[in-house]
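What follows is calculated from the coordinates using simple rules that are stated; it is not laboratory data. Computed from a predicted structure; not experimentally measured. Heads up, the Cβs are rebuilt from the backbone with ideal geometry, glycines too, and the neighbour counts pull from every protein chain shown.
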Amino acid sequence: MADFTTKELMACIMGRDLEDGLGVPVGANLPVPRAAVLMSHLMRGPNQLVLLSWTRANLVDVPELRPFEFITDWRAAQWGESYWAHDDGFLNMKARANWIFFVGGIQIDQYGNSNLLGIGEDYKRLKFRGPGGVGTGNMAAFTNRYYLYSQTHTPRIFVPKVDYVTALGWGEGPGTRERWKIPGGGPRYCYTPLCVMDFEPETKRMRLKSTNPGVSVDEVVAATGFELVVPDDVPETPAPSDEELEVLRTRVDPTGVLRS
Amino acid sequence: MADFTTKELMACIMGRDLEDGLGVPVGANLPVPRAAVLMSHLMRGPNQLVLLSWTRANLVDVPELRPFEFITDWRAAQWGESYWAHDDGFLNMKARANWIFFVGGIQIDQYGNSNLLGIGEDYKRLKFRGPGGVGTGNMAAFTNRYYLYSQTHTPRIFVPKVDYVTALGWGEGPGTRERWKIPGGGPRYCYTPLCVMDFEPETKRMRLKSTNPGVSVDEVVAATGFELVVPDDVPETPAPSDEELEVLRTRVDPTGVLRS
Amino acid sequence: MSTVTSSDRTVVVTDEPSALAGLQDGMTVAIGGFANSGHPMSLVREVIRRRPKDLTIVGAATSGLEVDMLIAAGCVKKVISPYVGGETIVGIGPAFRRCVENGEIDVWEIDEAMYYCALNAAAQRLPFLPWRALVGTSFPEVNPDLVLFDDPVAGEPLLAVPAVSPDIALLHAGAADPYGNIQHVGSGFGDRAIARASDHVIVSVEKVISNEELRRAPEKTSIPLVDAVVRAPFGAHPFSSVGWYLEDVPLLKEYVAAAEVWRAHDDRSAVDAFLDTYIHQPEDHMDYLQRIGARRIFGLNEF
Amino acid sequence: MSTVTSSDRTVVVTDEPSALAGLQDGMTVAIGGFANSGHPMSLVREVIRRRPKDLTIVGAATSGLEVDMLIAAGCVKKVISPYVGGETIVGIGPAFRRCVENGEIDVWEIDEAMYYCALNAAAQRLPFLPWRALVGTSFPEVNPDLVLFDDPVAGEPLLAVPAVSPDIALLHAGAADPYGNIQHVGSGFGDRAIARASDHVIVSVEKVISNEELRRAPEKTSIPLVDAVVRAPFGAHPFSSVGWYLEDVPLLKEYVAAAEVWRAHDDRSAVDAFLDTYIHQPEDHMDYLQRIGARRIFGLNEF
């Protein structure tokens, strides 16, 4: 088995769940989700709609997809088939059903709710003011499924209850999304450097799905601030194939952002 | 005094009330309002915004403005400075405050309400189904002022109460527009082949403002199906000047649509 | 290395019968264009050929005689549009007028602004959108689906316009690439709003262009990645196609004269003959153009 | 014959001080662009130079550090924007973070979708627009102006987002004609929505072009007939301008380092020095470019 970094592993496994035909936003400052999306696009997504630098594009014929530092870098617009004005984009939530996206959090709770607003019970005197929900709450409501993602896995991030909900996951558990008539399908998986988690269908509580190579179940439990559902049998996350690593390293991440 | 037709007279007097800087839609199948708007544009409206064939344009340098039969005739788009997609247009009602327009009616009542929907008390069995309100009700609500216009002046058109209101004038009189929080300024004048009418400020009832050359007050009253407010002194509508007729005939109506 | 290329992309170019294979009785079908321009007539003729029943037709904000023809052909139960007519050719569509006056079809009465509220609400997955104008008019009286309500912020009276979500949209444009990126010439009227609101979008185009050519002017792409593209040169005939050709006014007048006999005299023979000659008899769009004739067709882009 | 010609049209090209002469304390000012691109910085610098108080700033849907600079300069009472920061340069604007955590400025908390609801409501002269997503989140809790209500058509829970109507909008684009027709390169981000909602629109451009040149591509006109055009080559510096030049990352980092001292150590000396050097001292935009230096400026469009 080839050597690979945790970030490379995550990019490969996150990409595997994305089928052809999806709408896939490609951001700039989350290199792992960016690589995951592009992996799926190049390996099996010729009909994916790639949202890149305010264009809708298709990149399957592009030999090397070098990263851009900023989401507004218009050099990435060279592949655009159409422009995507931001305000126009909110006129079509029907189309967004078929998009996916990855949302992080300064807190993520056991029901998959994400908080990007801030830390502290008194909103008027936050201990830490976060970046805000930006577009994540809207995507969480309208996409047929979406993914949680965190580059760190600690009890400070994975908390029993978030201080503020900016992207609604399963809310307070079964029935919340139905009660609020939120049409989207909710969070499917949560990816971290330690593991992959899903949600127990009945309780909607976060559940360990697989541990990443070299990580024990106990380590995951210790790093999680809420009571994680742990099945009797937890498999290991499948490692990247040689083929995946080749695509990743030659075409998606030629400058080695995920290797550092 | 030069000879002129009633339509030429109407185009000239209707154009006189339109100052520079307005947004002025130029349609195809109402030749008199079309000519009125273009007269004001060429004679004193270099900063008017001309809405023509789904473009925003300025026509002051165009030597001859030959009429087009259909509003979608894209040959008229040659002067466009920007395109005007129809759906986009409804995202900006702020800008419409400064537009004007002319609305007709299969019925027009004493408070300046216009009916383009149909004739008959039973909506499910109309005696005559009209073309519908289309965009007139929206313009009547948002423009700072607008104009009523009818190419015929008969008691069948000028009725005490319209069967259906498709463009709200003064409603049931003073207070109606305020009650419904309709922001626009309401109808200013009503132009017909016989006369110009305005609205009595207190009662909002239609009032004779001037009779067109050769028309008596009694003729107007007899042709009007409601009790028209008639001041003691009714002046004659000022005839077109030679200069107006020259602009009209050489540049706005070179094919003589208004002379026939 | 197992990767894909653009040769693996799905080409969505098809013909009228395949594009419309999913059409069913009772569906809500939207039709783009405006007044005497830009209606996807090769698709509309195919709809009529399939003899569906009880369609709800969402016409353009100003529908032309294409909606009137669908009514005359007996396909329509309900019309959602602020206007159905032909401007100077005929102020009100004869079949529309007849069937409304006789109570044979329903009209969901709205104005232009409410029309886009209904479509945008569907596109935004909202049950309704509010509008301020038209409060105080007869619209809520003749369309009981429009709800007068006090807004929850300022307490002002507004109309709630329910969402209208077409099952299928039929549009016409200048060009498309093989993958369904559409480029209108000019404004595209309200076609974008119709596309956004609809579950399935079929667009006929004057010309299919390469993806490379399309990407030279991405700012011209008006609708991205529709479900089906139908190559139909002169596909808007007898209407105009912006940037391509003008209206065939005599043919539109021929239709109006035939439909007017039905409206005024309750005699369908003329309108049935029209539908038979120009819609049912032609095998396909090319056969239609052949019957109209090259001289007449190509005369429409001499101006 | 008494007629007018295009030489009688009003030329709206002006300079920054004249364009902003009407700025008053307490106004609501919207600023276009997105993240690290397209902010009208020669206009923002002129705003700061005038030392207004208590502005409500409507930032872009993703505001960049231009809003942070206005906060650092003491001009701001309230921010309406889903985000204020610099992406990889700094996740959260230092002045924004400091002043929010200390309760020194108010934030009207919204997400991107609600941001456009608020602007579109103003443009459509509605007191509010509804949105479905974000029901069930903390937004209505941290922004009490958002009203949860049952829609009048289907009885479903929605959020009512009140209208936000800027007094002045400041935007940056590639080109304009002398009469105020604006042509962005690329999508224009959310600039169109800002322009539609605002009472007075001022746009700085890289280049003023003739009306004849503009009319060669009317499809590129993104905003028609704004109130004032300011000729400002490199006017978005230190941000990028789509199609023209890239970001001046070192200068943005210099600002962040200075503002971060204020945030972390309550020491304004560095940020005051930055504002003094780059904003108050330069006489005008050309003097600013002169101080930045030709080598550095023109290095930003080598790539």
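At-a-glance table
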{"item": "Rounded to whole Hz, the Karplus (6.51, -1.76, 1.60) HN-Hα couplings of the range D:231-236, x for glycine and proline", "result": "6, 9, x, 6, x, 8"}
{"item": "Gaussian network model of chain C, springs between alpha carbon atoms under 10 Å - residue of C:11, C:76, C:84 with greatest fluctuation", "result": "C:11"}
{"item": "Candidate lysines - alpha carbon under 21 Å from residue B:7, same-chain residues fewer than 8 apart omitted", "result": "B:209"}
{"item": "Kyte-Doolittle mean at least -0.5 and Cα axial length at least 18 Å: DSSP H helices in chain D", "result": "D:249-265"}
{"item": "Under 17 Å from the Cα of residue A:204 - aspartates and glutamates, other chains or at least 8 residues apart", "result": "A:109, A:172, A:178, A:227"}
{"item": "Ascending count of other beta-carbon atoms within 10 Å, so fewest first, for C:288, C:116", "result": "C:288, C:116"}
{"item": "Pairwise label distance in nanometres, residue D:212 with residue C:51, each label 7 Å out on the Cα-Cβ vector", "result": "6.2 nm"}
{"item": "Choice from C:141, C:260, C:16 showing the highest fluctuation, given a GNM over chain C with Cα pairs closer than 10 Å", "result": "C:141"}
{"item": "CD proxy at 222 nm, helix term only [per DSSP H run n ≥ 4: -39500 (n - 2.57); per residue of the protein assembly as shown; nearest 500]", "result": "-7000 deg cm²/dmol"}
{"item": "Residues A:84, C:131 arranged by fewest to most Cβ contacts within 10 Å", "result": "A:84, C:131"}
{"item": "Residue order, fewest to most surrounding Cβ atoms within 10 angstrom, among C:7, B:150", "result": "C:7, B:150"}
{"item": "For D:183-195, mean number of other protein chain Cβ atoms within 10 Å", "result": "6"}
{"item": "Amide H contacts under 5 Å for residue D:148, placed H, 5+ residues apart", "result": "D:160"}
{"item": "Across B:181/D:53; B:94/D:253; C:220/D:78; D:53/D:253; A:127/A:161; C:53/C:253, pairs whose alpha-carbon gap is larger than 28 Å", "result": "B:181/D:53; B:94/D:253; C:220/D:78"}
{"item": "Residue C:14-residue C:286 pseudo-label distance in nm [points 7 Å out on the Cα-to-Cβ vector]", "result": "2.0 nm"}
{"item": "Among C:227, C:145, C:68, residue whose mean-square fluctuation peaks in a GNM of chain C (springs only between Cα atoms under 10 Å)", "result": "C:145"}
{"item": "Between the range C:251-272 and the range C:3-40, the alpha-carbon center distance in angstrom", "result": "30 Å"}
{"item": "Proximal charge balance of residue A:16 [Cβ under 11 Å; K/R count +1, D/E count -1]", "result": "-2"}
{"item": "For residues of C:36-43, the mean tally of beta carbons on other chains within 10 Å", "result": "2"}
